[in-house]
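Before any comments, here is the structure.
What follows is calculated from the coordinates using simple rules that are stated; it is not laboratory data. None of these values were measured; they are calculated from a predicted model. Neighbour counts run over all protein chains shown; Cβ positions are idealised from the backbone, glycine included.
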Amino acid sequence: MSTVRISDDALAAALGAEELVAAFEQAGYTVERVSSWGMHWLEPLVEIDGMGFGPAKPEDVAAILDGTSAKAIGPIAEHPFIKSQQRLTFARAGKTRPLSLEDYQASGGWTALTRSRAMDRADVVAEVIESGLRGRGGAGFPAGIKWRTVMEAAGDEKYIVCNADEGDSGTFADRMLMEGDPFQLIEGMAIAAHAVGAGQGYIYVRSEYPHAIAKLEAAIALARQHIAPFQLEVRVGAGAYVCGEETSLLNSLEGKRGEVRAKPPLPALEGLFGKPTVVNNVLTLAAIPHIMAEGGSGLYAQLGIDRSKGTMPIQLAGNIKHGGLYETAFGISLDRLINEIGGGTASGRPVKAVQVGGPLGAYIPPSQFHLPFDYEAYTAADALIGHGGVTVFDDSADMGAMARFAFQFCAAESCGKCTPCRIGSTRGVELIDRIRTGGKVHADAVETLPQMHNARKAGRTREEELALLDDLMEAMQFGSLCALGGFTPYPVRSALKHWPEDFSSSPQTRGSLADSSDHAASGPGSSPGRRS
Amino acid sequence: METSELDAIIARHKDRKGALLPMLHDVQHAFGCIDAKAERAIAEALNLSRAEVHGMVSFYHDFTPAHDPRPVVELCRAEACKARGVEALVPAAEAAAGERVNLKEVYCLGLCSMGPSARIHGKLYAGLDEAELVKLVKTA
């Protein structure tokens, strides 16, 4: 009897994988729980002898087993979504059991660690530099340079910290990797520890990812003798988005409020508990075993374009027909990603905007879909790649409401340390509200007080409010300590620039996603993601 | 709040590096909140001021100073779920929740390709429509 393979990824579980597993077991089959292939619109995806069936429900089991199911998608590995990818970091996705050391070893696991440990640490760092790997968390700083700084820093106590506080909406690659291939991350951290001379590592995971936390804890226990004497521990965040910023994460790990620290000193020199610390994203560290395999760094450097080397696990999210994980070399265009690979919107309506790089990323209109996925090209277009999340919106989106939400989110998540972010975000929400209602008709009660000598005594026109908003965003962009306040202007500016009509004071001309009472029953709001 | 259980949690983490965060998680999990009494005990054990401990409790969304016995439905309302229409489901979910259920907005459960998504008693749900969400809220 063939083995049935079903993913145990959190997304598959959220779409009913557990019920499906029970149905197969009831039919007398053994179900092997593997990682997810990353074709999320087909989850829960059933694999039997390499053939795929999805999205499968318990009532489909009989038809799948007798070969008459309409949910058959053919050989999974040959599916265009999988076949057109260049998977390095996600090479094992869909193929191995996440907590099987046997599967990990059989697919090349631990060879890079063994090879690295036989090398001089300076040579390991040199190979990482040569690969051109840049930090996948968003900033894109060359990983090897960071490692070199920590390696050369004085001190016998050093730390490796993995930033797994993946809070950006539209991203899930860290989650998938931790749930699907935890040993690879552990191996990458052990290599980093050898390279810089660290004895202790921490993985800081957000509390919203209980599946990933459980997998990592189990994997660390299993891998203990492979990585010894390196010690590794999972630490759980507590719901603060800002803790994805590295210095705030370090404060949180130390048991303090997740407030951002001023730089310098760099964490590479004075990081966790004041000691030299490597802070890298999950995807950065998980790319290391491939780079440190024999000839891996040269191969990595050949992929990608310009200064963006290697592959990027891109996450197709939001209102997209074929959402999921798409790992490919840098340089791919949004047009290809969204229209060809992603199949357009899930609602079937035209694409209006795409937000790349999470809540702090710019909204990109279809006229710029030719942009190559590349750190510098995005920066030049006032956008950012961030953690590689691509969130698609259809034409019902109200970009004025999304711009307001950007400020609102910043206000909710600001750590409060610097003024432009703490106060500016709230003033931004108020300003957008006023712009969308035609400006400030009268000066407010405080402004009219006799002792407020410098306050304006008249209202402001809509145009004056827009100028004020621009001023506010400049203060936030250049005056904030970290990217939360500093990058919040990106989504707002891009929305204002490309969809000024959504900021108009007459609601009829705006998109309707936020005030979507007219769509509540049958509109796009209720249909995407549904399946029959 | 059981003193012996609180003491056991404190003893378990006291000597770890960066003990406060895991300790607060365990207290929150065991008692559903971190109240003034727990703050004082933790501050005492870690040689911190109570303000430092309270600062942690008030900073992080996961920690609460008082216990709320209502069932919690966490609904993701971040960008990717907004793009899939979560906002249109909110009025019905709020109506279904009433005072009985704590309908909490969260920013991202990491199921962004198949929203709208929610978490209830640790179980995840994705691809929700209005009827399903209302049913989940009513049975929470």
Report task. Label the range A:276-430 by shape, choosing from rounded, prolate and oblate, from the square roots a ≥ b ≥ c of the eigenvalues of the Cα gyration tensor; if a/c is under 1.5 it is rounded, and otherwise prolate applies when a/b is larger than b/c, oblate when it is not. Result -> oblate
Query - When the convex hull of its Cα atoms is projected in every direction, mean area for the range A:1-143 (nm²) - result: 10.6
**Report entry** Expected-Rg normalisation [2.2 N^0.38 Å, Cα atoms] applied to chain B
**Finding:** 1.25
Query raised in the report: So which trypsin sites (Lys or Arg not before Pro) in the range A:369-463 are both in a DSSP loop and have at most 14 other Cβ atoms within 10 Å of their Cβ?
Result: A:Arg456, A:Lys457
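Which order do peptides A:363-374, B:82-93, B:20-31 fall in by mean Cβ count within 10 Å, highest first?
Working: A:363-374: 17.5, B:82-93: 24.9, B:20-31: 19.7.
Going by the mean number of other Cβ atoms within 10 Å, highest first, we get B:82-93, B:20-31, A:363-374.
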Query raised in the report: How many partner chain Cβ atoms sit within 10 Å of a residue's Cβ in peptide A:486-499, on average, as a whole number?
Result: 0
Requested in this report: State which helices in chain A qualify, where a helix is a whole DSSP H run, it must extend 20 Å or more along its own axis by its Cα atoms, and its mean Kyte-Doolittle hydropathy must be at least 1.0.
Outcome: A:182-196
Query - Coordinate range along principal axes, alpha carbons of the range A:399-519, Å, largest first - result: 49, 34, 23
Query - Mean projection area, nm², convex hull over Cα of the range A:159-285 - result: 7.0
Query raised in the report: Under a 5 Å amide H to amide H cut-off, with H placed in plane at 1.01 Å, what residues pair with A:Ser7 once short-range neighbours are removed?
Result: A:Val34, A:Leu45
Requested in this report: Under 1.5 on a/c is rounded, so check that first for the range B:72-139, then, if it is not, pick prolate when a/b is larger than b/c and oblate when it is not; a ≥ b ≥ c are the square roots of the alpha carbon gyration tensor eigenvalues.
Outcome: prolate
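Order these by the 10 Å Cβ neighbour count, fewest first: A:Leu99, A:Leu88, A:Leu431, A:Leu449.
Numbers: A:Leu99 18, A:Leu88 21, A:Leu431 24, A:Leu449 11.
Least crowded to most crowded, the residues run A:Leu449, A:Leu99, A:Leu88, A:Leu431.
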Report summary line: Computed about the Cα centre, the charge dipole of chain A from +1 Lys/Arg and -1 Asp/Glu charges at the Cβ has a magnitude in debye, to the nearest 20, of 760
Query - Electrostatic dipole magnitude of the range A:1-105 [Cβ: Lys, Arg +1; Asp, Glu -1; Cα centre; debye, to 20] - result: 400
Report task. Any lysines with Cα under 21 Å of the A:Lys440 Cα? List them, leaving off those in the same chain fewer than 8 positions away. Result -> A:Lys457
Query raised in the report: For chain A, what is the convex hull (Cα atoms) projected area averaged across all directions, in square nanometres?
Result: 26.3
Requested in this report: Could you work out, residue by residue across A:208-214, how many beta carbons of other chains sit within 10 Å of that residue's beta carbon, and then give the average as an integer?
Outcome: 3
Query raised in the report: Which of the peptides A:288-298, A:347-357 is most tightly packed, and how do the rest follow, judged by the mean count of other Cβ atoms within 10 Å per residue?
Result: A:347-357, A:288-298
Report summary line: A correct Karplus calculation of ³J(HN,Hα) over the range A:380-397, with 6.51 cos²θ - 1.76 cosθ + 1.60, θ = phi - 60°, whole Hz and x for Gly and Pro, returns 5, 9, 6, 9, 9, 7, x, 9, x, x, 10, 10, 9, 10, 8, 6, 8, 5
Query raised in the report: Which far-off residues, 5 or more places away or on another chain, put their amide H under 5 Å from the one on A:Arg134, with H placed in the peptide plane?
Result: A:Ala143, A:Lys309
Requested in this report: Express in whole angstrom the spacing between the alpha-carbon centres of the range A:341-377 and the range B:37-54.
Outcome: 47
Requested in this report: Kindly provide the Kirkwood hydrodynamic radius of the range A:4-82 in Å, to one decimal, from all pairs of distinct alpha carbon atoms.
Outcome: 12.1
Query - Size-normalised alpha-carbon gyration radius of the range A:304-394, reference 2.2 N^0.38 Å - result: 0.97
**Report entry** Average partner coverage of A:233-240, which counts Cβ from other chains inside 10 Å
**Finding:** 5
Query raised in the report: Relative contact order (percent) for chain A, with alpha-carbon contacts under 8 angstrom and 6 or more residues of separation?
Result: 13
Report task. Using θ = phi - 60° and the Karplus relation 6.51 cos²θ - 1.76 cosθ + 1.60, list the HN-Hα couplings for the range B:80-86 in order, rounded to whole Hz, with x at every Gly or Pro. Result -> 5, 6, 4, 4, 9, x, 5
Query raised in the report: Quick one: Cα centre-to-centre distance for the range A:146-224 and the range A:465-483, in angstrom?
Result: 34
Requested in this report: For B:Lys138, list the lysines whose Cα falls under 26 Å from its own Cα; do not include residues on the same chain fewer than 8 positions away.
Outcome: A:Lys57, B:Lys82, B:Lys104, B:Lys123
**Report entry** Number of Lys pairs (Cα under 19 Å; 8 or more positions apart or on different chains) in the range A:101-302
**Finding:** 7
Requested in this report: Fewest Cβ neighbours within 10 Å first, please rank A:Arg134, B:Arg50, A:Arg235 accordingly.
Outcome: B:Arg50, A:Arg235, A:Arg134
